[in-house]
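The values are calculated or read from the model by the stated rules, or taken from the named source; none is laboratory data. Everything numeric in this text was worked out from a predicted model, so none of it was measured. Reconstructed Cβ throughout: ideal geometry from the backbone, glycine too, with neighbour counts over all protein chains shown.
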Ligand SMILES: Nc1ncnc2c1ncn2[C@@H]1O[C@H](COP(=O)(O)OP(=O)(O)OP(=O)(O)O)[C@@H](O)[C@H]1O
Ligand SMILES: [Mg+2]
């Protein structure tokens, strides 16, 4: 991981001290600790006040989309946040990856505060979003070279690592020489996953990495994530609404519904919570989600924003 941004020409001793302090903290603190995090959207702009001619306009009420969320990820584990569309998963990941400020609560990455120490936190994490952005007219390789550079890799290192990662993801290397805009969504998603694993991030944030992929590509990406966790001892936060994926990959799972974590545990512990005397192997995760949230993942989807009259 490139950390040379802390090095200054005038303060090498101080910079080295900061690095070793950060590394010492990283050795003893959990990869991720989220404490009482809250985020609301809407309600900032009141048209009835700002625009007198719209005094009968409807006023938006702030809506909590992440509501007092707390959890901790242990070293080397894959922790799944499972919830329906609109349940707050991506908003949570954006706050952890320092792209969005929480209204309340704290996020610590290897002991570093994601708000106060956002630069250092950024150097410890990598995020794969469900909708990755690229330079569309550049080839996949050129994109990887560019983003590798951002993370402190030399072109030589990227060219050495990228073919192997792409091969493990089931992506034909020849296609890496085509513009991104010629690739299917699934192929672009694989390039996004490869981009994040070019470096050896200490904490991976995978926001629905397999959504929209065909079954074969899905298996390729899932297999790769598992391999990376096993071989590199990476700590991974994964969001999904696919229960099978959650069971297959996650050591522990939190169910999120309406921005709140409603249950947390290993897949076995969650099954045991609802078993009520039935053999746990007869209970599937979909049923567990239903019993713990009162709804299926499909029914739990948030569609309508809440508004009231002025
Ligand atoms: N910038 C924003 N401004 C206003 N509302 C937002 C914003 N970002 C997200 N929301 C709302 O917050 C809620 C949670 O969105 P979020 O993207 O976190 O859900 P999600 O669990 O990732 O859903 P999906 O499975 O569809 O990706 C949604 O109702 C969404 O409309
Ligand atoms: Mg999302």
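Checking the stated criteria, residue 301 turns out to be surrounded by 13 or more Cβ atoms within 10 Å (Cβ to Cβ), in a loop (DSSP other than H, G, I, E, B) and over 17 Å from the mean Cα position of the chain (by Cα). Of everything in the stretch 187-201 that is at pLDDT 90 or above and touching a helix residue (DSSP H, G or I) at 6+ places or on another chain (Cβ under 9 Å), the residue that is nearest to ligand 1 (Cβ to nearest atom) is 189.
Screening residue 94 against (1) within 16 Å of ligand 2 (Cβ to nearest atom); (2) in contact (Cβ under 8 Å) with a residue 60 or more places away in the chain leaves a single unmet condition, (2).
Residue by residue through the stretch 173-193, note down the ones that are assigned to a helix (DSSP H, G or I) and touching a strand residue (DSSP E or B) at 6+ places or on another chain (Cβ under 6 Å).
Applying the first criterion (assigned to a helix (DSSP H, G or I)) to the stretch 173-193 yields 173-177, 180-182, 185-193.
Of everything in the stretch 173-193, those that are assigned to a helix (DSSP H, G or I) and touching a strand residue (DSSP E or B) at 6+ places or on another chain (Cβ under 6 Å) turn out to be 177, 192, 193.
Out of the stretch 100-119, which residues are part of a loop (DSSP other than H, G, I, E, B) and either within 13 Å of ligand 2 (Cβ to nearest atom) or in contact with a strand residue (DSSP E or B) (Cβ under 6 Å, 6 or more places away or on another chain) (or both)?
Quick first cut of the stretch 100-119, residues part of a loop (DSSP other than H, G, I, E, B) only: 100-103, 110-111, 114-117.
Hits for the stretch 100-119 are 100, 102, 103, 114.
Looking across the stretch 59-98 at every residue that is modelled with pLDDT of 95 or more, part of a strand (DSSP E or B) and within 8 Å of ligand 1 (Cβ to nearest atom), the one that is surrounded by the most Cβ atoms within 10 Å (Cβ to Cβ) is identified as 66.
Restricting attention to the stretch 252-268, does a residue exist that is more than 16 Å from ligand 2 (Cβ to nearest atom), in a helix (DSSP H, G or I), crowded, with 20+ Cβ neighbours inside 10 Å and in contact (Cβ under 8 Å) with a residue 24 or more places away in the chain? No: zero hits.
Determine if the stretch 202-225 includes at least one residue that is crowded, with 21+ Cβ neighbours inside 10 Å, assigned to a helix (DSSP H, G or I) and within 15 Å of ligand 1 (Cβ to nearest atom). No, there is no match, as no residue in the stretch 202-225 is crowded, with 21+ Cβ neighbours inside 10 Å, assigned to a helix (DSSP H, G or I) and within 15 Å of ligand 1 (Cβ to nearest atom).
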